[in-house]
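One structure is given here, and the rest of the page talks about it.
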Amino acid sequence: MIAIVDYGMGNLRSVENALHRLGAEYCLTRNPQEILRADRVLLPGVGHAAQAVANLRESGLAELIPNLRRPVLGICVGLQLLCRHSEEGDCEGLGVFDTFVKRFPDSPEAKVPHMGWNSIGNLDGKLFRGMKGGSFVYYVHSFYPALCPDTIATTRHGDSLFSAALKYENFYATQFHPEKSGEVGEQILQNFLTL
Amino acid sequence: MLTKRIIPCLDVKEGRTVKGIHFENLTDVGDPVTLGQHYAREGADELVYLDISATQQGRNTFTQLVERIADGIHIPFTVGGGISSLADASRLLDAGADKVSINSAAVARPELIGEIAQRYGSQFVVVAIDAKQRPDGEWFITTHGGTRFTERELFAWAHEAQERGAGEILLTSMNHDGTRLGYPIPLFARLTAELRIPVIASGGAGCAAHLVEVLTAGGADAALAASIFHYGETTIAAVKRALAAQGVSVRI
């Protein structure tokens, strides 16, 4: 069973649909017992990072999630709140990943939000099994995780080279949306399910 | 590097896909989910579904259709048509839409842009603009399929939409829509230079070269087209090959 953590951050439907297409069993939950029992935990998120962290703290999950021992996948804001700090709302994250979330500089060549398909490179590890560098994934964000030792994929937007994906022990996260990234995204989700 | 996007637009009436020249003479071209999946396989970067139902029943059917689309399509899609309130936007978000496109309701009440953007983020709000060139050369916003001019000048309105929280502008030239003679390139070059947010070019594509032109010389971030894809005049793959040949970054 895969637990999709429902902590009031945006639409979870596309993540549900993606798991449904892969034939996976999942539940939407904010119940700590259910999350602890799950084989895999998905932490999606669309919206404001500071709000996301606040929601997690309110629900009591901020202490539980960093201590999970099963594979966890954060997506977008779900990635950002696992970092040390975000410039969005100047908020402290859960500190699983040893990096900081910054805002893209405004530039005519690299518009913000960074929205659309971009390529991932420097792929490292099982999350990208069977994939080539240069594969395209779908992004929608204005804040990005800086490069760090936990970086397992990179993407460039204008002058900013940032972490497309992160891994620390059993924690994985993508800044892009695998659930909206066509066949490439399905492969990544499938890889996560079979880690 | 961020790629230029190719976006087929599917007009939906009472749950079925249609496309008409100048929004008239509608012809049924199939099931929206099946057609969307076909385009996704062909390499569409996003899809736009536009509800042109005239009835409440048609609107209800559309919401159910959005749920089916969300389940069946693994790329982002925008829905538009008849969205006039935050509640409409919420309903479509809950049904699984990635973005909503608002048009005449935003012209009538510009606060709507900010209301949706504040609730769901700018990335969720596309402001669609139907503009038409007046005899004096100025571009103004029109409503009712380009038949009525408003008092709003195009560039002022596009800037206002951006400041109110629009994540993207979808601009259609009503002078060019349905003509298949190409997009107004200088218009798009100016708008894309002036705005911080992405611009989607719409209206007038007759061949692959027109899409290439608006994405290069026109500076648009994405190109939307309907008939040329629906009637098989060209394919998304052919457009992308033509773009790649020009050195433009595309997802192939």
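Things worth noting here:
- Subset of the stretch A:139-195 (residues that are within 11 Å of chain B (Cβ to nearest Cβ), closer than 25 Å to A:Ser107 by Cα and out of contact with any strand residue (DSSP E or B) (no Cβ under 9 Å at 6 or more places or on another chain)): none
- Filter result (within 30 Å of B:Thr234 (Cα to Cα) and either at pLDDT 95 or above or charged (D, E, K, R) (or both)) within the stretch B:44-64: B:Ala44, B:Asp45, B:Glu46, B:Leu47, B:Val48, B:Tyr49, B:Asp51
- Options A:Leu123, A:Leu161, A:Leu166, A:Leu147; residue that is within 24 Å of B:Ala40 (Cβ to Cβ) and either at pLDDT below 95 or among the aliphatic types (A, V, I, L, M) (or both): A:Leu123
- Among residues of the stretch A:36-59 that are farther than 21 Å from A:Glu88 by Cβ and touching a residue at least 60 places away in the same chain (Cβ under 8 Å), those with a Cβ under 9 angstrom from a residue that is crowded, with 23+ Cβ neighbours inside 10 Å and not β-branched (Val, Ile, Thr), sequence gap 6+ or separate chain, pair up as A:Arg40/A:Ala3; A:Arg40/A:Leu73.
- Identity of the residue in the stretch B:104-125, farther than 19 Å from A:His114 by Cα and within 14 Å of chain A (Cβ to nearest Cβ), that ends up surrounded by the most Cβ atoms within 10 Å (Cβ to Cβ): B:Ile116
- Residue in the stretch A:140-147 that is over 12 Å from the mean Cα position of the chain (by Cα), crowded, with 22+ Cβ neighbours inside 10 Å and under 15 Å from A:Asn191 (Cβ atoms) present: no
Per-residue answers, yes or no, for (1) in a helix (DSSP H, G or I); (2) among the β-branched types (Val, Ile, Thr); (3) closer than 22 Å to B:Ile113 by Cβ; (4) within 14 Å of chain A (Cβ to nearest Cβ):
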| residue | (1), (2), (3), (4) |
| --- | --- |
| B:Ala161 | yes, no, yes, no |
| B:Asp177 | no, no, no, no |
| B:Pro186 | yes, no, no, no |
| B:Leu191 | yes, no, yes, yes |
| B:Arg196 | no, no, yes, yes |
| B:Gly204 | no, no, no, no |
| B:Gly219 | no, no, no, yes |
| B:Ala238 | yes, no, no, no |
| B:Val248 | no, yes, no, yes |
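- If the condition is being crowded, with 20+ Cβ neighbours inside 10 Å, within 14 Å of another protein chain (Cβ to nearest Cβ) and not in a loop (DSSP other than H, G, I, E, B), then the stretch A:98-118 contributes A:His114, A:Met115, A:Gly116, A:Trp117, A:Asn118.
- Selection of the stretch A:14-35 for residues being surrounded by 20 or more Cβ atoms within 10 Å (Cβ to Cβ) and either aliphatic (A, V, I, L, M) or without any contact (Cβ under 8 Å) to a residue 12 or more places away in the chain (or both) yields A:Val15, A:Ala18, A:Ile35.
- Filter pass, A:Met9 being buried (at least 18 other Cβ atoms within 10 Å of the Cβ) and of a type in the set (A, V, I, L, M, F, W, C): yes
- Helices (runs of 4 or more DSSP H) fully within the stretch B:32-103 counting 1 or more residues that are at the interface with another protein chain (Cβ under 10 Å from one of its Cβ atoms) and more than 19 Å from A:Val137 (Cα to Cα): B:56-72, B:86-95
The values are calculated or read from the model by the stated rules, or taken from the named source; none is laboratory data. Small disclaimer: the values here were computed from a predicted structure and weren't measured. Positions of Cβ are backbone-derived with ideal geometry, glycine not excepted, and every protein chain shown enters the neighbour counts.
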